[in-house]
Each structure stands twice: as C-alpha cells, then as structure tokens.
1. Restricting the search to segment 62-111, which residues are polar (S, T, N, Q) and either modelled with pLDDT under 95 or assigned to a loop (DSSP other than H, G, I, E, B) (or both)?
2. Hey, among Asp24, Asp59, which residue is modelled with pLDDT of 95 or more and within 27 Å of Glu132 (Cβ to Cβ)?
3. Scan segment 120-159 residue by residue and report those that are exposed (fewer than 12 other Cβ atoms within 10 Å of the Cβ) and hydrophobic (A, V, I, L, M, F, W, C).
4. Can you find, within segment 156-170, the residue that is nearest to the chain's Cα centre (by Cα) among those that are part of a loop (DSSP other than H, G, I, E, B) and closer than 17 Å to Leu197 by Cα?
5. So, Thr199, is that one β-branched (Val, Ile, Thr), surrounded by 18 or more Cβ atoms within 10 Å (Cβ to Cβ) and under 18 Å from Leu162 (Cβ atoms) or not?
6. Could you figure out which of (1) more than 15 Å from Leu25 (Cβ to Cβ); (2) among the polar types (S, T, N, Q); (3) part of a loop (DSSP other than H, G, I, E, B) isn't true of Ser240?
7. Just one of (1) touching a Phe, Trp or Tyr at 6+ places or on another chain (Cβ under 8 Å); (2) free of Cβ contacts under 8 Å to residues at least 40 places away in the same chain trips up Ser240, so point out which.
8. Could you say whether any residue in segment 244-254 is touching a residue at least 24 places away in the same chain (Cβ under 8 Å), part of a loop (DSSP other than H, G, I, E, B) and closer than 23 Å to Ala90 by Cα?
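The values are calculated or read from the model by the stated rules, or taken from the named source; none is laboratory data. Predicted model, so just to flag it, every value in this text is computed and none were measured. Here the Cβ positions follow ideal geometry from the backbone for every residue, glycine too, while neighbour counts run over all protein chains shown.
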Amino acid sequence: MNKILPLIGLVVFQACAQNPWYGDLEYLGKLPSKLSEVSGIIPGKNNTAWIIEDNGNKDRLYRINLKGKLIQELKVKDAGNEDWEDLARAQNGDVFIGDFGNNGNYRKDLVIYKVPNPDTEKGDKIDAEKIEFRYPEQNQFPPKKAGLYYDCEAFFHHGSSLYLITKNRARPYNGRAYIYKVPDTPGKYAAQRVGELVTCTDSQFCSVTAADISPDGTKIVLLGSGFIWLYTDFSMDDFSQGKLETIDVLHRTQQESICFVNDSTLLIADEQSKTKGRNLYSYTLKKD
C-alpha cells in the first residue's frame, strides 16, 4: 500500500500538469485554424457571435457558435481590410467594423464600416457604408515617437455615437489613451476628443485592445493582455471619470476581442501566438 500511494499521487500530478491553464477565464472552445488573428467580437442571435480578423486578412464577417465552430461567412462589399481592429453593435442590430488600426500612425484613410444586422442576412455578402474620420490633433504622419497616440483597436456604440479608445505607441511609453467620439452615420468627420485615461504603465500589458458597453449601459469594459478595466458609475461622454476596477484574469495571451453577452457575462478571444491562443473564453463579472 505504501508503494501504491506515491504512484497514485504522481499520476494525478502529471494529469493536472497537462491541463491547460486559463486563469480565471472559462475556456469555451478552439477557433478554426483559418481564424488565428481574431481582432473583434460581438454577440449574435441564438448563442452565436460574429468575429473579424485584422491586418492582411479577408474582408469577412465570420459567425461562430459558442464553442468556436465556424458556421457562416459574409463578405463585406466594398470594404477592404486595411487593418480591421474591432466590432461594435447598436441596439437596433447595426454592426460597425473599425478599420482604424494604425500601428505606425501614418494613415489618412481611417474608416468605420457600417453594415445592417448580419443575423438576418440570407446570402453570403453584406453591404457597407463608410464613416470616414480623422484625428484633428494629428498634424504629422507619422508624429515623432513621443506623439504616437493615433493607433486604435477598441470602440463601442452608445446612443448615436461611436466611442474610440486609442492604443498608445508612444516612446517612452506612458500608458495614456484618448477617448474620441464619432457620429454613427455615414459621412466624413473630425473625431471629437472627449477624455483620456491611463490603464497602467507597462507597455506589455496596458495598451487597450478592445472595448464594449453592457446592454443596460451601466458598465464599460476595456481589454488588455490579461487585464479587464471595468468602468461603472460614469456619465457620458467622458466615462473615464467613473469608478475604475482593474481585473487581472491571470492568463497572459494576446487578447484582442471582448463583448458583453448580457449585463454580466463577457466573451473574450485571443490571437494565436506560437502554441498559445486562438481560443474563445467567457468571463463573468462579479455582482455589486
């Protein structure tokens, strides 16, 4: 018996060691290999979600179930994927595709594509309208290294506006992000800067990669690499003046997509990086 107990302990230890570690995230499923660079996610009907990929990938909306299985593709007409970085959804079902990735801060063709409710689309293509915008504070393309504030990977829809949170690429890094507001109707606009925030000051984890607002409008989440920044008790437009809670999900991957399924449940997706990522997760916010 004394010899058997250590053997049983070793087997249990090895089995536990082989289980992947996802921190506080709940693993839902593996995304298809063709979707290795998911950059935006929104909820769909009947326990599904819509996702996109970023720079250099196809101009497609992909519908998946909540285990990560691909079930539908829609080509977005007349909407090239320069650098799609996030998805947002209005309460009426309209969807917005943020083609505003701007790593080098040199782009002058920033655009958000507005498409009708994809849940009701019967074919394999969907029409898009353009919301073109610029940052009026930017007058150099690109700015000097200390002024690289005009990349963006995160936005959400509220009221009749889209709220963009920029991604800091300044050197030295200071964690500062700006909040910009753009109308949700097709046209050409100068984005309005309505606030700024600092999540934290570690360049590896603190840049904002996705955002969403809860269906009841009382919570805003921003995503980083392993962190969720939750805002409550805010007023619009500058939600950064609300109450901020930093949530460490204890899982460090290239997390670039987040959305609310309901007022407390989040979906999160990460990109593949070597042997990690390309997963779909859920996270439940704690009740007050």
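1. Kept after step one, since they are polar (S, T, N, Q), are these residues of segment 62-111: 65, 72, 81, 91-92, 102-103, 105.
Passing the criteria: Asn81, Gln91, Asn92, Asn102, Asn103, Asn105.
2. Just a single option satisfies the conditions, and that option is Asp59.
3. Residue satisfying the conditions is Ala146 alone.
4. Asn168
5. Numbers: β-branched (Val, Ile, Thr): yes; surrounded by 18 or more Cβ atoms within 10 Å (Cβ to Cβ): yes; under 18 Å from Leu162 (Cβ atoms): no.
Here the answer is no, as Thr199 does not meet what is asked.
6. Here Ser240 meets the rest and fails (3).
7. (2)
8. Within segment 244-254 (the criterion being touching a residue at least 24 places away in the same chain (Cβ under 8 Å), part of a loop (DSSP other than H, G, I, E, B) and closer than 23 Å to Ala90 by Cα), the answer is no, since none of the residues qualifies.
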